[in-house]
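The values are calculated or read from the model by the stated rules, or taken from the named source; none is laboratory data. Note that the coordinates shown come from a computational prediction; the quantities given were computed from them, not determined experimentally. Methodologically, a virtual Cβ is constructed for each residue, glycine included, from the backbone with ideal geometry; neighbour enumeration extends over all protein chains shown.
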Amino acid sequence: MRRVIILFLTTCISGVLQAQILGDNPNVARVGIDLATKLRRAELHYQFFSYKSSVDLYHQVIKKKGASDELRLNVAECYRKLNWQDSAASWYSKIEDLSVMEPLHYLYYAQALQYSGNYEEAKIQYQTYHGLASGDTRASLKIAAIDNRDDYYLDSALYTIQAAPINSPEADFAPSYFMDGFIFSSARERPALIQKKFKWNQKPYLDLYYTEVINGSYTDPVGLSNRINSKFHEGPVTSYEDGRKMIFTRNNFLQSRTGKSEDGIVKLKLYSAEISEEQEWSNIQELPFNSDEYSVGHPTISRDGKTLYFVSDMPGGFGGTDIWVSTYDTIWSEPMNLGGDINSEGDEMFPFIHHENMLYFASNGYGGLGGLDIYKTWIVTDEPSGVINLGYPINTTNDDFALALDEAGKKGYFSSNREGGIGDDDIYSMILNRIVVDAYLVDKATGEPILGGLLFALDKTTQRPVPILKNANRIQYDAMPNRLYEIKGSKDGYFDKTVHLPIGRLTGEERITVMVELEKISPVDILIIENISGKRQNFVLSDSVKLYEGTEEQLQTSLAAKNIQVGQVIRVSNIYFDLDKSFIRDDAVTQLDRIVKILKRYPYMTLAMDSHADSRASNKYNDTLSLRRVKTTTNYLVENGISIDRLTQYHFGERQLVNDCGNDVLCTEAQHQFNRRTEFEMVKY
């Protein structure tokens with residue numbers, strides 16, 4: 001029953017269906033109606049949304065003459081629209097000639113299979129649909145959800161749920177807080193001699209009821225006055241101004257007048273009402289953005305009564321039904337679609353806005369466990385904050401929808417047609433056993449918010465990323481008791497920061513604020529150590545020393561991309577010696593003084609020195625000469641304040657020439673000079 005309100009395929013109240021059926025055969029009551037007439041009647045019922053009657057007639061025809069693939073498809077579609085997903089999946093599977101199926105039928109088949117828990121076959125059908133409609137993201141999202149469905153069960157202890165005792169054998173759903181209880185929509189039997197049935201599924205029309213909740217006990221539901229409840233559907237409702245005003249969903253019916261679209265369909269509209277001095281609902285009026293040609297319903301309003309969120313299939317949406325918003329300033333504004341970061345190619349519906357601007361809604365357009373799942377997102381800025389699936393046990397493979405929370409956000413209700421319920425849809429109470437973590441990215445020195453940075457959380461206990469909502473410099477997530485979390489923050493121009501957050505048991509104060517303080521990176525220096533032998537090191541010098549693996553050009557580009565200013569570029573190269581000498585030349589002093597300055601700035605750095613000779617002497621002599629050269633280099637550094645413990649000395653004689661000027665090779669003095677050298681390399685940094 002509830003599916004009718006959800007999908008906005010409401011009702012056709014004209015006499016066309018009955019007239020056509022009776023006109024085709026005036027003897028419809030006689031036994032033995034020919035099969036052609038039954039088939040024609042089934043098709044007419046289908047055309048006018050009377051799916052229960054249609055499928056009954058289809059089965060009569062199939063029993064007598066068998067089923068063509070077109071008939072099997074029609075039966076499957078009837079069951080899908082009746083939300084009998086197991087039966088729908090069964091009849092889709094019977095189709096042999098797949099040419100009768102449109103691409104969307106594969107999506108519907110896959111959804112029915114997933115709803116029934118047949119994940120692997122559902123995945124195959126989603127893959128088929130994706131191949132036929134690659135532009136539709138639903139298939140890929142559903143496949144990913146099936147592959148990672150265990151993730152939806154990780155935090156099941158967050159919620160405690162229980163069926164509400166006011167559920168009936170019919171549909172009960174969409175609870176909305178009102179006074180000391182809640183108003184909900186129900187198809188339970190009305191106290192009337194003759195009760196109209198909805199042709200779609202031959203169930204009673206929906207009315208609004210109120211139950212008061214006192215210390216966990218529920219009073220018997222009482223129907224709202226006949227000024228609100230009509231002979232057609234009344235659906236989800238929202239109230240404000242301490243319950244004195246209300247906006248509710250109803251078929252296009254006001255003051256005994258029924259409005260229809262051009263194709264004869266009675267769509268859904270939103271109506272406002274207020275409590276009169278006589279404590280009666282009065283002044284029932286249409287909202288200005290209603291239309292006879294599309295449906296509008298499922299309202300939820302902000303605490304101040306100025307912002308209304310609702311669902312509609314009006315033009316300009318992203319899928320079947322989308323969530324829209326209108327604001328009030330003497331009149332309701334033109335509705336604005338919430339956009340593609342929330343609305344999908346599927347159906348979004350049953351929104352609920354909590355006072356912290358957290359929007360909860362149901363959707364079948366994301367991944368999820370199957371059917372409708374409940375999600376949440378922040379509505380605070382124009383930037384997307386992400387969408388989080390609430391997971392099991394709130395969501396199941398069935399339809400789960402219409403969540404509402406109390407002021408504190410710790411208790412609430414939602415609706416579901418999951419197994420174990422009493423009726424078509426049932427209302428469940430819920431308690432959130434959660435600890436809400438708010439993490440903020442701030443400047444360590446000033447405490448000011450850092451915008452444009454990254455914040456994310458990792459559950460160290462499970463080693464999985466935590467689903468988060470984000471806004472500006474803030475993230476929020478639901479933490480589990482007795483877990484360890486890791487919150488990481490980063491921003492170009494700042495040092496990264498990791499905060500470890502252990503969560504203990506629930507204490508009653510279930511809110512934690514974490515400030516992730518980032519330290520700003522001052523302008524950095526670059527140290528380039530380059531030796532003629534080809535050994536090269538590139539360092540970024542700030543409060544710490546970091547080796548960069550890459551070219552100098554790549555380093556400069558990386559720093560610029562992170563908006564990090566570069567101060568000095570310090571270049572250190574090898575020093576040279578005269579022939580058969582080991583004293584420090586004037587040109588070498590410049591290089592050594594740079595090294596002294598760096599080593600004094602970073603007292604934990606250590607330096608390795610490799611001294612060499614050219615080939616113009618014996619090997620033994622050149623080993624001794626290179627030893628003298630490394631010692632004079634070391635002595636210079638020590639004399640200028642560098643501890644010898646930070647210096648490592650190597651001498652190689654003529655064994656590591658940088659060119660071909662070996663023994664008995666004729667070379668110029670300049671070529672020999674390249675080999676008379678000491679090279680440098682930072683070892684510890």
- Note on the structure: the range 591-685: strands (runs of 3 or more DSSP E) wholly inside it with 3 or more residues that are in contact with a helix residue (DSSP H, G or I) (Cβ under 8 Å, 6 or more places away or on another chain) and at pLDDT 95 or above are 606-611, 647-651
- In this structure, is ILE342 assigned by TED's automatic domain parsing to the domain that holds PHE414, closer than 23 Å to SER415 by Cβ, of a type in the set (Val, Ile, Thr) and modelled with pLDDT under 95? yes
- Query: How many residues does the range 444-473 hold that are under 15 Å from ILE487 (Cα atoms), in contact (Cβ under 8 Å) with a residue 12 or more places away in the chain and surrounded by fewer than 16 Cβ atoms within 10 Å (Cβ to Cβ)?
  - Reply: 5
- Item | Filtered residues of the range 139-167 (kept if buried (at least 18 other Cβ atoms within 10 Å of the Cβ) and polar (S, T, N, Q)) | ASN167
- Task: Say whether the condition of being surrounded by 12 or more Cβ atoms within 10 Å (Cβ to Cβ), without any contact (Cβ under 8 Å) to a residue 12 or more places away in the chain and not small (Gly, Ala, Ser) is met by at least one residue in the range 527-540.
- Result: yes
- Task: Consider LEU441 carefully, then state whether it is within 22 Å of the chain's Cα centre (by Cα), buried (at least 24 other Cβ atoms within 10 Å of the Cβ), farther than 22 Å from PHE318 by Cβ and in contact (Cβ under 8 Å) with a residue 60 or more places away in the chain.
- Result: yes
- If we keep just the residues of the range 212-260 that are assigned to a strand (DSSP E or B) and loosely packed, with under 13 Cβ neighbours inside 10 Å, which is modelled with the lowest pLDDT? ARG257
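This table checks each residue for (1) of a type in the set (A, V, I, L, M, F, W, C); (2) in contact with a helix residue (DSSP H, G or I) (Cβ under 8 Å, 6 or more places away or on another chain); (3) free of Cβ contacts under 8 Å to residues at least 40 places away in the same chain.
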{"position": "TYR92", "(1), (2), (3)": "no, yes, yes"}
{"position": "VAL100", "(1), (2), (3)": "yes, yes, yes"}
{"position": "TYR115", "(1), (2), (3)": "no, yes, no"}
{"position": "GLN125", "(1), (2), (3)": "no, yes, yes"}
{"position": "SER134", "(1), (2), (3)": "no, no, yes"}
- Message: Quick check on LEU607: is it assigned by TED's automatic domain parsing to the domain that holds GLN673, aliphatic (A, V, I, L, M) and in contact with a Phe, Trp or Tyr (Cβ under 7 Å, 6 or more places away or on another chain)?
- Response: yes
- Task: Considering only residues that are buried (at least 19 other Cβ atoms within 10 Å of the Cβ) and modelled with pLDDT under 90, look in the range 478-489 and name the one that is nearest to LEU359 (Cα to Cα).
- Result: ASP478
- Please determine, by comparing only the residues of the range 261-272 that are part of a strand (DSSP E or B) and in contact with a Ser or Thr (Cβ under 7 Å, 6 or more places away or on another chain), which one is modelled with the lowest pLDDT. VAL266
- Item | Answer from ILE575, ILE598, ILE564 - the residue that is aliphatic (A, V, I, L, M), touching a Ser or Thr at 6+ places or on another chain (Cβ under 6 Å) and either more than 22 Å from ARG629 (Cβ to Cβ) or surrounded by 13 or more Cβ atoms within 10 Å (Cβ to Cβ) (or both) | ILE575
- Message: Quick check on the range 542-563. Is at least one of its residues within 30 Å of TYR494 (Cβ to Cβ), in the same structural domain as THR668 (by TED's automatic domain parsing) and not polar (S, T, N, Q)?
- Response: no
- Of the residues that sit in the range 502-555 and are of a type in the set (D, E, K, R) and in a loop (DSSP other than H, G, I, E, B), which one is farthest from the chain's Cα centre (by Cα)? LYS535
- Task: Answer yes or no as to whether GLU348 is surrounded by fewer than 21 Cβ atoms within 10 Å (Cβ to Cβ) and not polar (S, T, N, Q).
- Result: no
- Task: Specify which of the listed residues (ASP424, ASP347, ASP400) is modelled with pLDDT of 95 or more and not polar (S, T, N, Q).
- Result: ASP400
- Checking SER611 against (1) under 59 Å from the mean Cα position of the chain (by Cα); (2) more than 19 Å from ASN640 (Cα to Cα), the condition it does not meet: (1)
- Query: If the Cβ limit is 6 Å and pairs must be 6+ apart or interchain, which residue in the range 622-637 that is in the same structural domain as LYS600 (by TED's automatic domain parsing) pairs with which residue that is surrounded by fewer than 21 Cβ atoms within 10 Å (Cβ to Cβ) and part of a helix (DSSP H, G or I)?
  - Reply: TYR636/LEU592
- Message: Among the numbered criteria (1) more than 19 Å from the chain's Cα centre (by Cα); (2) part of a loop (DSSP other than H, G, I, E, B), which one does THR396 miss?
- Response: (1)
- Query: Does the range 430-442 contain at least one residue that is in contact with a strand residue (DSSP E or B) (Cβ under 8 Å, 6 or more places away or on another chain) and over 30 Å from MET515 (Cα atoms)?
  - Reply: yes
- Message: If I filter the range 391-420 down to residues being within 18 Å of LEU369 (Cα to Cα) and out of contact with any Phe, Trp or Tyr (no Cβ under 7 Å at 6 or more places or on another chain), which single residue comes out as surrounded by the most Cβ atoms within 10 Å (Cβ to Cβ)?
- Response: ASP399
- Just for the range 434-464: of the residues that are assigned to a strand (DSSP E or B) and of a type in the set (Asp, Glu), which one is nearest to ALA561 (Cα to Cα)? ASP443
- Item | Residues of the range 330-351 that turn out to be within 16 Å of VAL387 (Cα to Cα) and part of a loop (DSSP other than H, G, I, E, B), as a count | 9
